[in-house]
1. Would a scan of the stretch 98-108 turn up a residue that is over 18 Å from the mean Cα position of the chain (by Cα) and modelled with pLDDT of 85 or more?
2. Quick check on residue 38: is it out of contact with any strand residue (DSSP E or B) (no Cβ under 9 Å at 6 or more places or on another chain) and surrounded by fewer than 17 Cβ atoms within 10 Å (Cβ to Cβ)?
3. Assess whether residue 147 counts as being modelled with pLDDT of 85 or more, touching a helix residue (DSSP H, G or I) at 6+ places or on another chain (Cβ under 8 Å) and outside any helix (DSSP H, G or I).
4. What's the number of the condition residue 174 fails, among (1) in contact with a helix residue (DSSP H, G or I) (Cβ under 7 Å, 6 or more places away or on another chain); (2) surrounded by 20 or more Cβ atoms within 10 Å (Cβ to Cβ)?
5. Out of 33, 76, report the one residue that is under 13 Å from the mean Cα position of the chain (by Cα), within 24 Å of residue 135 (Cα to Cα) and either modelled with pLDDT under 85 or assigned to a strand (DSSP E or B) (or both).
6. Has the stretch 55-63 got at least one residue that is surrounded by fewer than 16 Cβ atoms within 10 Å (Cβ to Cβ), touching a helix residue (DSSP H, G or I) at 6+ places or on another chain (Cβ under 8 Å) and either modelled with pLDDT under 90 or over 23 Å from residue 78 (Cα atoms) (or both)?
7. Every residue in the stretch 135-144 that is out of contact with any helix residue (DSSP H, G or I) (no Cβ under 9 Å at 6 or more places or on another chain) and within 16 Å of residue 187 (Cβ to Cβ), please.
8. With the requirement that a residue be under 13 Å from the mean Cα position of the chain (by Cα), outside any loop (DSSP other than H, G, I, E, B) and either touching a residue at least 24 places away in the same chain (Cβ under 8 Å) or over 21 Å from residue 140 (Cα atoms) (or both), what does the stretch 18-29 give you?
């Protein structure tokens, strides 16, 4: 199956889920989140979405799987769907940002943040927590999202907020128990503080 065939089959109105693509020679899976038939997020190992789009045309599909009903929890800030379709069809793609612009301090202050319980002591930044979850999901697969949410919820963590350092240590310990034994040490080393 080609990417064009996969997109025509799974990127249709009303479709929600995760399109998982294995490329020949790649160890990482390419994961495309689909909401109402439109691609809204893409990941492929640690490669940025812009880089993924730049290399898609040169990739050969080994296999494709669609997980219907997979919840969409991430969305990109640029027209991913149009870029994907243009890349696969060979047409000129709408301009994607070269790199996400760093928000100004004033913009960060103005952006609404979810409320979190007040915590004392050192905190781990929300992006570090999100990176740990992404690394976990990359190692254990799509079910990792649910496992990570359950572990975070047990600690009273609200997504998008800093996590108390003591909770973060417990969080990484809990996640590491689900990582395959041969990758566990690398996971702990990568995400410990």
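1. Within the stretch 98-108, the first condition is being over 18 Å from the mean Cα position of the chain (by Cα), and the residues that meet it are 98, 101-108.
Still in the running and modelled with pLDDT of 85 or more: none.
No, that holds for no residue.
2. no
3. Details: modelled with pLDDT of 85 or more: yes; touching a helix residue (DSSP H, G or I) at 6+ places or on another chain (Cβ under 8 Å): yes; outside any helix (DSSP H, G or I): no.
No; evaluated as a whole, the condition is false for this residue.
4. The failed condition is (2).
5. Numbers: 76 fails: either modelled with pLDDT under 85 or assigned to a strand (DSSP E or B) (or both).
Checking each option against the conditions leaves just 33.
6. Step one: of the stretch 55-63, the residues surrounded by fewer than 16 Cβ atoms within 10 Å (Cβ to Cβ) are 55, 57-58, 60, 62-63.
Next cut, touching a helix residue (DSSP H, G or I) at 6+ places or on another chain (Cβ under 8 Å) only: 57.
From the residues that got through so far, the ones that are either modelled with pLDDT under 90 or over 23 Å from residue 78 (Cα atoms) (or both) too are 57.
Scanning the stretch 55-63 turns up at least one residue that is surrounded by fewer than 16 Cβ atoms within 10 Å (Cβ to Cβ), touching a helix residue (DSSP H, G or I) at 6+ places or on another chain (Cβ under 8 Å) and either modelled with pLDDT under 90 or over 23 Å from residue 78 (Cα atoms) (or both).
7. Narrowing the stretch 135-144 to residues out of contact with any helix residue (DSSP H, G or I) (no Cβ under 9 Å at 6 or more places or on another chain): 141-142.
Result: 141, single match.
8. Step one: filter the stretch 18-29 for residues under 13 Å from the mean Cα position of the chain (by Cα), giving 18-20, 28-29.
Filter once more, so that each one left must be outside any loop (DSSP other than H, G, I, E, B): 18-20, 29.
Scanning the stretch 18-29 gives 18, 19, 20.
The values are calculated or read from the model by the stated rules, or taken from the named source; none is laboratory data. As the structure is a computational prediction, the values presented were derived from the model and not from experiment. FYI the Cβ positions are ideal-geometry reconstructions off the backbone, even for glycines, and counts take in every protein chain you see.
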